[in-house]
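The values are calculated or read from the model by the stated rules, or taken from the named source; none is laboratory data. On a predicted model such as this, the values are computed, not experimentally measured, just so you know. For neighbour counting, all protein chains shown are included, and Cβ atoms are generated from backbone atoms with ideal geometry for every residue, glycine included. The accessibility values were calculated without ligands, DNA or RNA, using every heavy atom of the protein model including side chains. Shrake-Rupley method; radii C 1.70, N 1.55, O 1.52, S 1.80 Å.
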Amino acid sequence: MVVSNREPYQHSHAPDGRITWAPTTGGVAVALDALMRERGGVWIAHGSGDADRDVVDAGDCVAVPPDSPGYTLRRLWLSPEEATQYYEGFANEGLWPLCHEAHVRPIFRALDWDTYQTVNRRFAEVIESELPDRSAPVFIQDYHLALVAAKLRLREPGVKTALFWHIPWPSPDRLRICPWRRDLIAGLLGNDLIAFQIDRDRRNFLAAAREALGLEVTRNTVRMGNRIIAVKAVPIGVDYDRIQQIARDPAGETEMARLRQELGLDTPIVGVGVDRLDYTKGVLERLDALELLLERRPDLRDRMTFVQIGVPSRSTLPSYVDVVEAIDRKVADINARHGSGRGTIRYRKSALRIRRLVALYRLANFCVVSSLHDGMNLVAKEFVAAREDEGGVLVLSEMAGAAQQLHDALLINPYDVEGFASALEQAIDMPEDERRRRMHAMRRVVAGRNVFGWASDILEGLARLNPRSLPPVPGRAPGGFERKSVTRARMPREVKPS
Ligand code: G6P
């Protein structure tokens, strides 16, 4: 059983009255969907699409992916006040800026915290009602659901849960900003296993458990009462094989040609950036570096196009509105000052489906990930997975968790505009043998730690804590998942793909 705030598929009403569906974006949904399509099971999440209620059965379930069902999505409904206070408020105005050092002030309101606790309890109730048996592992995701395991354990003391914290965990000093940090840590310690992206996060969490709650910790455990909780760093990966398969599909050539035409790409050099429109992603810093590059190298004005895909996100929050407006202004300004008929910046504000995304990665000479702070950043790994031609250069912020693994990227500091611009120039001018060597090395890393290996590490880690809690899977390669196990998928009422 997987539990997250964001659902993997949303249904909505099209203007012509039809019901359409689309996969959602963001690291958690993409990574876990791959896992669930392989493994089957039940995924519990907030139903936030405007037609979500129209397609569920009497138990609030719908089979997904809607075009080839593989697992069950159990939707949980939130009132508008709950969504505002728990999701927008505590999770995204409080915890998100607390955990990401991007100079946005965390806002903590008592009402948001109350509602966060209520909603976490409601998730726990739904998990309890959906648990097929008490030994079924429950895999909880991210900062929206920090208290779920503790609330579930009150109702089902024998339950086995792991939580993956997808974003950075703050240092003890920064964590002190949160008035309810002790409850937050205690809530997380309701899990049997807590996993983080990188070692720094694991260390910060252990320090917080020791300093804020005075608990006894070792290198990878916390003792709370008579329970021992495992704490690990398990970096998340992407569905490497699927991305490779898409990249190898001959239909990709047509998709690339279509993209070139739609985006008006007729320069010899193409760069790409793909981000949720979030202030942590360093899009403004990237634009500053591109501008400086164009000033230094005017010859690039009609030889280079930079495609920026921005996926709207959390758009009701002022901190997001501000960054989106600033990006709009900056893009317009750069295009006005440096735009030629052929080159400069093409900015598209919408999500791309995976096939188009892979085509875009494949036609790019370089990809830029310039986060100011990021748990992992799966765009970096997706770009590498898509480059089975071993072409393309990854320019990667050293503030992203991915930089701990992808040492052969061109690592940049997004705050150092001169150094950043030089790295872009180096990416553009990189000799082919160096490009291949770097990409080859990064592909080995990304292939070696895919999303299934990540999930296996966590769920097998959970099983090892109590060997009877997970039945052995016959015929499975060590450390890997078998293909498709029991699925409780139920067929939806008629839904036409968009
Ligand atoms: C990050 C978070 C996820 C979240 C995603 C998209 O990757 O770690 O938990 O789902 O952003 O954000 P959203 O607010 O749209 O769910």
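Observations
- Sorting 219-230, 191-202, 162-173 by average packing, meaning the other beta carbons within 10 Å per residue, from highest down gives 191-202, 162-173, 219-230.
- The listed residues K160, K381, K151 rank as K151, K160, K381 when sorted by accessible area, largest first, using a 1.4 Å probe.
- Positive-end extreme of charge dipole, the chain - chosen from G375, A91, G214 (charges on Cβ): G214
- The Rg/Rh ratio for region 246-447, using Cα coordinates for both the radius of gyration and the Kirkwood hydrodynamic radius, is 0.93.
- Along each principal axis, taking the top coordinate minus the bottom one, the Cα set of region 324-403 gives 35, 28, 22 Å in descending order.
- 3J(HN,Hα) along region 139-145: 10, 9, 10, 6, 6, 6, 10 Hz, from the Karplus curve 6.51 cos²θ - 1.76 cosθ + 1.60 with θ = phi - 60°, whole Hz, x for Gly and Pro.
- Degrees separating the helix 110-130 axis from the principal Cα axis of the chain, which is the longest one: 70 degrees
- Prolate/oblate/rounded call for the chain, Cα gyration tensor, a/c under 1.5 rounded: prolate
- Enclosed volume per residue, in Å³, of the convex hull spanned by Cα atoms of region 245-309: 104 Å³
- Relative to the Cα centre, the charge distribution of region 246-447, modelled as +1 at Lys and Arg Cβ and -1 at Asp and Glu Cβ, gives a dipole magnitude of about 640 debye.
- Charged-residue dipole, Cβ positions (Lys, Arg, Asp, Glu), the chain about Cα centre, Debye nearest 20: 1140 debye
- With contacts taken as Cα pairs under 8 Å and at least 6 residues apart, the chain reaches a relative contact order of 18 percent.
- For region 246-447, the share of accessible area belonging to carbon and sulfur comes to 48 percent (1.4 Å probe, ligands and nucleic acids excluded).
- Relative contact order for region 246-447, counting Cα pairs under 8 Å that sit 6 or more residues apart, in percent: 25 percent
- Judged by the mean number of other Cβ atoms found within 10 Å, the most tightly packed of the peptides 10-17, 322-329 leads the ranking 322-329, 10-17.
- The residues neighbouring D50, those whose beta-carbon lies less than 15 Å from its own, together hold a net charge of -1 under the Lys/Arg +1, Asp/Glu -1 convention.
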